Amino acid sequence: GDPGDFALLTGSSHQQARYTFATVQTVSQDRFLASRPADSYYYILIDEAHRSAAPTYQKILRHFTPAFCLGLTATPERMDQQDVFALFDYNLAYEIRLADALENDMLTPFHYIGIRDYEIAGRTADDFSDLRWLGSKERVSYLLKELDYYGCSGPRPCGLVFCSRQEEARELARAFADQGQPAQALTNRDSSAARRQAIKDLEAGRLHYLVTVDLFNEGVDIPALNQIVMLRPTQSATVFIQQLGRGLRRFPGQEFVTVLDFIGNYQNNYLIPLALAGKKLSRDQLKYQLQTVSFAGLSTISFSRIASEEILRSLDQVKLDSLKQLREAYADLAQQLGRPPLLLDFAKKGRVSPRLWLENKSLPHYGAFLEKVGQPCQLTKYESQVLSFVNKELAPGQRPHELLLLQALLQKGPVSQADFQTLLRNYGAYDSPDLEKSLEAILSLDFYEVKSGATTQKAKYGGEAVASLTGGFWRINSKIAQGSPDFLRLFQDAVETGLLLAKEKDPAQDFTLYELYDRKEVCRLLNWPLDVSRPMYGYRLSGDVCPLFITYQKTDQEQRNARYDNQAQGQRLSWFTRTPRHLDSPEVRQLLRGVAEGRQATRLPVFVKRADAYGPKFCYLGQAQIDPATVREVSLKGKSAVGLDLVLPDPLPAKIADQLFGE
């Protein structure tokens, strides 16, 4: 447009034009508001909209009545519980998270390195470290050595250092300067003019580092930054992303930003992978995030082994699915939506996965959680049991078949076997006689006719078939079809959530490569008639299939039942049977049918997890072939076993290899 169309409205400039750019401080003054009618502006755009609950912003919003009001913010989720979404009538026009912004080339790529903080006498920084230790010559030497080792994009460092306390900031700045890296501490006690001058000095090279507490979390960008240094415990995922984002603004000649996170023994370390992942990860998935080497676009994330151990300890000490954590996540999304969220809302819009509710052992179903947050649900005992079945067994979305059938039965009533087969075909889902028998076993609950404490799992799920196949037609239990409104709402929500989660899997296969499964899910997806996961342990040979469950890092290294063979380009695993077994044992002969002739008869789906600390789920690596040249009898602790090499169908991607087998 014409330059005359634009004007500034600040403390020193009171211009007016078609497009006026103003400071909040000026517009919120009583004198200014009194001079402007409520309909003065057709369109108002508010930057840093997460501050809109502040009194100055509220004065502006209450006074003006524009036809359209738009808020822009990178962090709408507030730590102070102020409802930003309500101020904009819960209208979310567009949302983009860190990973998406990076993939769309909107930000500078970054390399995040999580390494352990300085250690002396077995001690690292923790939530209670004293100032003398944090600013000691030895620790600062260690920090600067690591900063130099990992480097930066450009001829010199231009870094922003976040620490915990103002005194620490000043001490670190002095210690950095003493060791040849000019630095200055900046806190909220410094004037705006001092801050502006410090930024100029940093950009000009007169300073290499600014050391601050929370001063630059938001509102100030220093595009020339090429290092972000984190020397403080992570208090929230929001603050972590705010601090990370200070250096991601595009800058000419800058190829990447180096992010050095010095990880100590902090209680909130678990927030680091949560913040980097962005959203929708369960505890098990977060643990594997620690081993991920690629993130988004050209950005990378890596953790040293010791730093990973610190975070794993933090993850084990905090319950991501504790009621406190779930209540907070629920409140955040309720604030965004303006209504109580359901599971499907978390799957579509939540920053945490609905699996946190589905996998919580203290919650039989989501309705029980709603009761705890003051949203009562009118459910009979049987309805509660059925919801427990759908939430725990089907809603995690390991396959779509049962969910598609239940959805069709709710919408249409009885469904013929032929129509259901057409439904599966149109969805792209596999079908077979064994699958149909499995669906009958699952929906009749016969699959769950196994002891669980004093009763059976089937009895805990209500004891009656949820749906049954008779006379060529599938029919849903009449108690479900005629259930209460609350029950039907929660039942449908669980089914729709499961179908959305199931889109992460390949419906044409029973298992999806590199996805996570526990033993019970494997029993179900192999179409076995009964859940035999409890006595399964390392493997179970049944007919022509034998799933193998390998834990790479055993607590007792001598009992490790598998090792990764780096010489085989990521396609080979050494594996051993249980003891005592010999080459002529019936189980071994059945396992090796056709192997010597090159036509292996036994299907061997391989599931691996890094260690028991990573939870009950295993990563599916494909169907393995036995290398006949490696089959031999071995002695394990004085007992006979059979060892062999498993050859995977494809080389493991670097990301998966690092997650499962990396050091």
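Every number in this text was worked out from the coordinates using simple rules, so none of it is lab data. What you are looking at is a predicted structure, and each value in this text was computed from that prediction instead of being measured. Note that each Cβ is placed from the backbone with ideal geometry, even for glycine, and that neighbours are counted across all protein chains shown.
Okay, here's what the table says:
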{"quantity": "Check: segment 516-661 dipole with +1 on Lys, Arg Cβ and -1 on Asp, Glu Cβ, in debye", "calculated": "300 debye"}
{"quantity": "Extension gain from SER478 to THR56, taking 0.36 nm per residue of separation minus the Cα-Cα distance", "calculated": "146.1 nm"}
{"quantity": "Distance between modelled label sites at LYS639 and GLN16, nm, 7 Å Cα→Cβ extension", "calculated": "9.0 nm"}
{"quantity": "Contour minus Cα-Cα distance for GLN553 and ALA654 (0.36 nm per residue)", "calculated": "34.5 nm"}
{"quantity": "In Hz, Karplus ³J(HN,Hα) per residue of segment 146-153 (6.51, -1.76, 1.60; θ = phi - 60°; x = Gly, Pro)", "calculated": "5, 4, 5, 5, 7, x, 7, 8"}
{"quantity": "Segment 138-169-segment 9-41 distance, computed between alpha-carbon centres (Å)", "calculated": "42 Å"}
{"quantity": "Signed unit charges on C-beta, dipole axis of segment 315-456, positive-most listed residue PHE389, GLY338, ALA429", "calculated": "GLY338"}
{"quantity": "Sparse-neighbour loop sites [GluC sites (Glu not before Pro); segment 428-510; at most 11 other C-beta within 10 Å; DSSP]", "calculated": "GLU504"}
{"quantity": "For segment 516-661: rounded, prolate or oblate by the Cα gyration tensor [a/c cutoff 1.5]", "calculated": "rounded"}
{"quantity": "Per-residue Cβ neighbour rank within 10 angstrom, fewest leading, ILE222, ILE228", "calculated": "ILE222, ILE228"}
{"quantity": "Across LYS609/LYS637; LYS392/LYS617; LYS392/LYS460; LYS412/LYS460; LYS392/LYS458; LYS437/LYS503, pairs whose alpha-carbon gap is larger than 20 Å", "calculated": "LYS609/LYS637; LYS412/LYS460; LYS437/LYS503"}
{"quantity": "Three-way shape label, segment 323-502, alpha-carbon gyration tensor, a/c 1.5", "calculated": "prolate"}
{"quantity": "Ranking of ILE199, ILE442 by count of other Cβ atoms within 10 Å, fewest first", "calculated": "ILE199, ILE442"}
{"quantity": "From phi via Karplus (6.51, -1.76, 1.60), per-residue ³J(HN,Hα) for segment 385-398 in Hz, x at Gly/Pro", "calculated": "5, 5, 4, 4, 4, 5, 5, 7, 9, 10, 4, x, x, 6"}
{"quantity": "Long-range amide H partners of ILE263 with built H, under 5 Å", "calculated": "ILE115, ARG116, ASP117"}
{"quantity": "Cα centroid of segment 589-663 to Cα centroid of segment 386-428, whole Å", "calculated": "33 Å"}
{"quantity": "Sequence of HIS582, HIS111, HIS401 once ranked by neighbouring C-beta atoms within 10 Å, starting from the fewest", "calculated": "HIS582, HIS111, HIS401"}
{"quantity": "Per-residue HN-Hα couplings for segment 611-622 [Karplus 6.51, -1.76, 1.60; θ = phi - 60°; Hz; x = Gly/Pro]", "calculated": "6, 4, 5, 8, x, x, 8, 10, 8, 7, 10, x"}
{"quantity": "Euclidean distance of C-alpha centroids, segment 178-196 and segment 500-559, integer Å", "calculated": "56 Å"}
{"quantity": "Label-point gap, in nm, between THR26 and ASP178 - each point 7 angstrom along Cα→Cβ", "calculated": "4.6 nm"}
